[in-house]
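A quick write-up on the structure given underneath.
Every number in this text was worked out from the coordinates using simple rules, so none of it is lab data. As the structure is a computational prediction, the values presented were derived from the model and not from experiment. Cβ placement follows ideal geometry from the backbone for every residue including glycine, while neighbour counts extend to all protein chains displayed.
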């Protein structure tokens, strides 16, 4: 993976993703996005609809942050500046997976991100646009997956998106929180092959 250029918005992330397709000579691809990755998928749909052959939205939502949530992102940026990534990782960890046994490994993954990356990602998330109006225009096969125990982007978010995207398929994953793919990989993988 090449060094990432400065990424300050979801559009920046989408452009970077498409640049990786270009580098590999890939014309079209199924885009899959978990959480923030879903926001990147929406940006790619706005900027590069011709490059997207399918869509997998995982534990994410189409709506922007509320003012309260947006303030929380900037509060977390201040916490990272003062106390490092651990301050945010430890606060988020209980919402990521339901399994206590998986939490040490998930925390290790979260701690692997640099403070600069975490702060940039938080800013991009806080400033993301509303993608609600985009959903009815999606014309590629779409699968939406959500952990039944996800409190960050709950099943109600997934249900709303599934109703708005023509022909979308919704899969709820039992015994999983925000990282449904990590917590229940067999159920998650079973929902993907040949059904996007």
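Considering only alpha-carbon pairs that sit under 8 angstrom and 6 or more positions apart, the relative contact order computed for the stretch 67-124 is 46 percent.
How far is the Cα center of the stretch 3-68 from the Cα center of the stretch 96-170, in Å? Rounded to whole Å, the Cα centres lie 12 Å apart. Here the spin labels are modelled as points 7 Å beyond Cα on the Cα-Cβ line, and at residue 123 and residue 68 they lie 2.7 nm apart. Globularity index of the stretch 67-124 is 1.13 (Cα radius of gyration / 2.2 N^0.38 Å, N = number of residues).
In this calculation the C-beta distance from residue 139 to residue 99 is compared with R0 = 30 Å, giving a FRET efficiency of 0.20. How high is the FRET efficiency from residue 75 to residue 130, r the C-beta distance, R0 22 Å, rounded to 0.05? Computed FRET efficiency for residue 75 and residue 130 comes out at 0.50. Counted by neighbouring Cβ atoms within 10 Å, the residues 182, 39 run from fewest to most as 182, 39.
The modelled label-to-label distance for the pair residue 111/residue 192, using points 7 Å beyond Cα in the direction of Cβ, is 2.7 nm. A helix-only calculation puts the chain at -14500 deg cm²/dmol for mean residue ellipticity at 222 nm, using -39500 (n - 2.57) for each DSSP H run of at least four residues, averaged over all residues.
Considering the chain at the alpha-carbon level, its Rg and Dmax are found to be 16.4, 46 Å. Model label points for residue 90 and residue 174, set 7 angstrom from Cα along the Cα-to-Cβ axis, are 3.5 nm apart.
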